[in-house]
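Have a look at the structure below, then the notes.
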Amino acid sequence: MEVIYLDNDNKIIDMKSRRKRLDDDFDMNGFEDWEDDHNLISKEDYIGLKRHRQAVAKSHPADIYAQWRLGEAYILCKEYKKAIDYFTPLYRKNPDYGDFEYSILDALFALGKSERDFKWVSVPEVIRLNDEVSDFCYDYLKGKRKARSLDDVYCQLIVEGYLSFNEEELLNHLIKDERFEFQNDGGVHSALLKVQRKSKLRF
């Protein structure tokens, strides 16, 4: 079941996407700990996940990855302010650790705030839906003969910075642009898109 929460500005926080991201992370402390994580996330037992990660973080205080994972558990439990308070000293000591940066942004947006509501060592690049995003997608797709998945296009954008929108919001944004054509026989993630041939464009 896909679980989606809305923050104070009705911004979608896609827990299914976050859960997949966490599932894909392999804990360096060993398979057993990863398996515990996976089971708790699969059951959507985020309180249990938080307790488990608190124990791991306490046992491995020098493990930056274990500390980050605990902060992510706070976010999954919707304890956004606590997550920011927890991440702040870790970020100050490790300003180049990108996961801290993005997790702080996740929590800020969930609280209806923005990147301007945090004192950064270096302000991160935040990408919002606008004409520049549409042009980026067009430039990426225009040289492709075959249609590409929405996930593929979304991943290309991720490289550019923190995305303040999810795949569904991107799809809805691009549908309004006549330069693209779409094939969507299933869910959002299975949507295919490509650039319209010039002969199909209306001028």
Note: residue 164 to residue 192 extended length (0.36 nm per residue) minus current alpha-carbon separation gives 7.9 nm
Mind grabbing the base-10 log of I(q)/I(0) for the stretch 76-170 at q = 0.12, 0.14, 0.20 Å⁻¹? Debye formula, identical points on the C-alpha positions, no solvent, two decimal places. -0.46, -0.60, -0.99
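Past the 23 Å Cα-Cα mark, which pairs from 50/119; 81/119; 50/78; 58/82; 43/113; 113/176?
Numbers: 50/119 26 Å; 81/119 15 Å; 50/78 11 Å; 58/82 17 Å; 43/113 30 Å; 113/176 27 Å.
Exceeds cut-off: 50/119; 43/113; 113/176.
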Considering only the other residues whose Cβ falls under 9 Å of the Cβ of residue 73, what net charge follows from Lys and Arg at +1 and Asp and Glu at -1? +2
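Packing-wise, with mean Cβ within 10 Å as the measure, how do 185-193, 96-104 rank, highest first?
96-104, 185-193
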Please report the net charge: other residues with Cβ closer than 12 Å to the Cβ of residue 101, K and R +1, D and E -1. -4
Work out from phi, with θ = phi - 60° and the Karplus expression 6.51 cos²θ - 1.76 cosθ + 1.60, the ³J(HN,Hα) of each residue of the stretch 87-98, listed in order in whole Hz, and give x for Gly and Pro. 6, 3, x, 5, 5, 4, 7, 9, x, 8, 7, x
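Bear in mind that the values in this text are calculations on the coordinates, not laboratory data. What you are looking at is a predicted structure, and each value in this text was computed from that prediction instead of being measured. Virtual Cβ from ideal backbone geometry, glycine too; neighbours counted across all protein chains shown.
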